[in-house]
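Written out below as structure tokens is the structure these notes cover.
The values are calculated or read from the model by the stated rules, or taken from the named source; none is laboratory data. Keep in mind that what you see is a predicted model, and the values were worked out from it rather than measured. Here the Cβ is made from the backbone with ideal geometry for all residues, glycine too, and neighbour counts use every protein chain on show.
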């Protein structure tokens, strides 16, 4: 069997060996509960948590006191949005988000709409961008939160977080940013010029699964009333429960490595992504989605018209790819992101997401180019619809 070429890093990244090395002692000799401060073992575990909290905070330019560890980005998203809904109900019930947000955000808002929230879903251009003028004009007197992601998980398209934060500040509206795909790949800024709330997840930046974080700007600590879990009062009473010390240590180490290698990796991945896109774009009726927008250096979403993405992937069992978000990959529905960008259902179903990572090589990309090209050409050669396309009977 050929070596698996892993190009699904937006779904999850492999654990960096340096991260595993940092975690191992906290499974074995340093196994104590970080809340057990009455003895040395517990205090050692608590110190490790404090160090990791500082590493994660440093990645996004925050204070350690502004970081709450969670089980992942989905929990952080729920905690942030539901917390704002509960605490700011007296001010208003209007929220602004975007039609291309992650399902964790969209499903949370769908839940809150049943409880009386009013949500405006901004449209996007064909490149996946929002209209900042439309965003600002959508703000109402009762608007309490703008929730927009930093980087789209399917296309890699980047929203202008600094401009959005400025708009939110000018109107005294909170801004929550899902930075899950951006953190560790591009610069993420918190503080006065950034979001009020922000989430990230370790397994998107070569850390372990099951650990994430919610950043809450210190001036907005009132969000504490939105705690989803009550109990022992851990994490400043915002999230109760015994801390997952090994995972937290791994998160901290992954954040530190990502911060130190950010520029170098971005350059490396941009070079590989551009080579992939340049080669595959030579195939007829093939396009890069979001090409005209700022994007993550590691992501390419491409449509191969008149085919189905699942057919292409079956032809390439030794390449790990995705046809959409990992959270909804088991559904038969077309990508809601690509549909929002104006794609037909057929074209959305014909799209593949290539998400590159730290451990991909030039050889991986060149092999992928050969295999994708071969699969597309073989499938089209036997496709009646493709023959109609060649004859000019269909676009």
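Under 9 Å between Cβ atoms, which residue pairs at least 6 apart in sequence (or on different chains) link something in the range 371-394 that is closer than 14 Å to residue 312 by Cβ with a partner that is at pLDDT 75 or above and surrounded by fewer than 11 Cβ atoms within 10 Å (Cβ to Cβ)?
Going by the 9 Å Cβ cut-off, the qualifying pairs are 373/282.
How about the range 30-50: which of its residues are within 22 Å of residue 255 (Cβ to Cβ) and surrounded by fewer than 16 Cβ atoms within 10 Å (Cβ to Cβ)?
47, 50
Can you say whether residue 252 is in contact with a helix residue (DSSP H, G or I) (Cβ under 7 Å, 6 or more places away or on another chain), modelled with pLDDT of 95 or more, crowded, with 22+ Cβ neighbours inside 10 Å and outside any loop (DSSP other than H, G, I, E, B), as far as the supplied structure shows?
Judged against the criteria, residue 252 is a match.
Going by the structure shown, is residue 309 under 30 Å from residue 16 (Cβ atoms) and surrounded by 15 or more Cβ atoms within 10 Å (Cβ to Cβ)?
yes
Please list, ordered by first then second residue, the pairs with beta carbon atoms under 6 Å, 6 or more apart or interchain, first in the range 66-82 and at positive phi, second assigned to a strand (DSSP E or B).
If the second residue must be assigned to a strand (DSSP E or B), the pairs left are 72/201; 72/212.
Does the range 186-205 include one or more residues that are closer than 26 Å to residue 33 by Cα, assigned to a loop (DSSP other than H, G, I, E, B) and either modelled with pLDDT under 95 or touching a helix residue (DSSP H, G or I) at 6+ places or on another chain (Cβ under 7 Å) (or both)?
yes
Conditions tested, residue by residue: (1) within 15 Å of residue 102 (Cα to Cα); (2) touching a strand residue (DSSP E or B) at 6+ places or on another chain (Cβ under 9 Å); (3) free of Cβ contacts under 8 Å to residues at least 40 places away in the same chain.
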residue	(1), (2), (3)
125	no, no, no
145	no, yes, no
154	yes, yes, no
181	yes, yes, no
194	no, yes, no
215	no, yes, no
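Take the residues in the range 273-287 that are in contact (Cβ under 8 Å) with a residue 40 or more places away in the chain and over 13 Å from residue 389 (Cβ atoms), then tell me which one is surrounded by the fewest Cβ atoms within 10 Å (Cβ to Cβ).
So in the range 273-287, the residues in contact (Cβ under 8 Å) with a residue 40 or more places away in the chain come out as 273, 275-276, 279-280, 283, 285-286.
Then keep just the ones that are over 13 Å from residue 389 (Cβ atoms); that gives 273, 275-276, 279-280.
Working: 273: 23, 275: 14, 276: 23, 279: 16, 280: 21.
The qualifying residue surrounded by the fewest Cβ atoms within 10 Å (Cβ to Cβ) is 275.
Quick one: in the range 327-354, which of the residues that are more than 21 Å from residue 99 (Cβ to Cβ) and modelled with pLDDT of 95 or more is surrounded by the most Cβ atoms within 10 Å (Cβ to Cβ)?
Ranking the candidates gives 354 first.
If we scan the range 314-333, do we find a residue that is more than 30 Å from residue 183 (Cβ to Cβ) and under 23 Å from the mean Cα position of the chain (by Cα)?
Checked the range 314-333: at least one residue is more than 30 Å from residue 183 (Cβ to Cβ) and under 23 Å from the mean Cα position of the chain (by Cα).
Would you confirm whether or not the range 228-249 contains a residue that is out of contact with any helix residue (DSSP H, G or I) (no Cβ under 8 Å at 6 or more places or on another chain), in contact (Cβ under 8 Å) with a residue 40 or more places away in the chain, within 25 Å of residue 116 (Cα to Cα) and crowded, with 18+ Cβ neighbours inside 10 Å?
No, every residue in the range 228-249 fails to be out of contact with any helix residue (DSSP H, G or I) (no Cβ under 8 Å at 6 or more places or on another chain), in contact (Cβ under 8 Å) with a residue 40 or more places away in the chain, within 25 Å of residue 116 (Cα to Cα) and crowded, with 18+ Cβ neighbours inside 10 Å.
Within the range 51-87, which residues are buried (at least 24 other Cβ atoms within 10 Å of the Cβ) and out of contact with any strand residue (DSSP E or B) (no Cβ under 7 Å at 6 or more places or on another chain)?
52, 83
Looking at 41, 62, 89, 52, which one is in contact with a helix residue (DSSP H, G or I) (Cβ under 6 Å, 6 or more places away or on another chain) and either within 30 Å of residue 192 (Cβ to Cβ) or assigned by TED's automatic domain parsing to the domain that holds residue 180 (or both)?
52
For residues in the range 358-367 being within 26 Å of residue 18 (Cβ to Cβ) and touching a strand residue (DSSP E or B) at 6+ places or on another chain (Cβ under 8 Å), which is surrounded by the most Cβ atoms within 10 Å (Cβ to Cβ)?
360
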